[in-house]
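J.: Before we start, here is the structure in question, set down as structure tokens.
The values are calculated or read from the model by the stated rules, or taken from the named source; none is laboratory data. Keep in mind it's a predicted model, so treat the numbers as computed, not measured. Cβ: placed from backbone, ideal geometry, glycine included. Neighbour counts: every protein chain shown.
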């Protein structure tokens with residue numbers, strides 16, 4: 001199951017950096033939410049694809065790739081939900097992706113985390 005998820009994540013990431021709205025829609029769940037913790041903003045995908053297509057058309061779609069050293073996968077017991085944590089180093093989560101498997105893996109939440117260290121108890 002993790003192999004299928006990794007394939008979906010790669011295809012989604014490639015589509016995102018190319019600005020391929022059609023492929024993004026294939027890999028993103030219709031109820032996708034994008035959370036910006038530092039700004040306290042939650043966005044849906046209502047206008048997402050049109051905005052990306054517009055940016056690509058006007059040659060202003062230039063997303064930056066974050067520097068990630070660690071990827072952690074946490075599957076639920078039924079292996080149909082996975083949280084992926086992307087970290088630039090051990091004690092900091094930069095981005096958290098939540099994926100669900102229905103007929104295929106789809107991204108349902110993309111969370112840009114506040115830059116604060118993880119405290120271990």
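J.: Going through 94, 110 one at a time, which residue ends up being touching a strand residue (DSSP E or B) at 6+ places or on another chain (Cβ under 7 Å) and modelled with pLDDT of 95 or more? Before you say what the answer is, go through the steps one by one.
T.: Working: 94 fails: modelled with pLDDT of 95 or more.
Going through 94, 110 in turn, the sole match is 110.
J.: Follow-up. Take residues that are exposed (fewer than 14 other Cβ atoms within 10 Å of the Cβ) and out of contact with any helix residue (DSSP H, G or I) (no Cβ under 8 Å at 6 or more places or on another chain) and tell me which of the strands (runs of 3 or more DSSP E) falling wholly in region 1-90 contain 2 or more. So that I can check it myself, show each step before the final result.
T.: Values: elements: 28-36, 41-44, 70-75, 81-87.
Filter on region 1-90 gives 28-36, 41-44, 70-75.
J.: Among all residue pairs at least 6 apart or on different chains, which show Cβ distances below 6 Å where the first residue, located in region 31-54, is farther than 20 Å from residue 105 by Cβ and the second is in a loop (DSSP other than H, G, I, E, B)?
T.: Going by the 6 Å Cβ cut-off, the qualifying pairs are 37/113; 37/114; 38/114; 52/19.
J.: Cβ-Cβ distance below 6 Å, separation of 6 or more or different chains: which pairs start in region 64-90 with a residue that is in contact (Cβ under 8 Å) with a residue 24 or more places away in the chain and end on one that is surrounded by 11 or more Cβ atoms within 10 Å (Cβ to Cβ) and part of a loop (DSSP other than H, G, I, E, B)?
T.: These pairs meet every condition: 66/94; 79/1.
J.: Let me ask something else. Across region 103-117, which residue is farthest from residue 38 (Cα to Cα) among those that are assigned to a loop (DSSP other than H, G, I, E, B) and free of Cβ contacts under 8 Å to residues at least 40 places away in the same chain? If you could, list the steps in order and put the result at the bottom.
T.: Step one: filter region 103-117 for residues assigned to a loop (DSSP other than H, G, I, E, B), giving 103-104, 113-116.
If we keep only those that are free of Cβ contacts under 8 Å to residues at least 40 places away in the same chain too, we end up with 103, 116.
Details: 103: 33, 116: 10 Å.
Looking at the filtered set, the residue picked out is 103.
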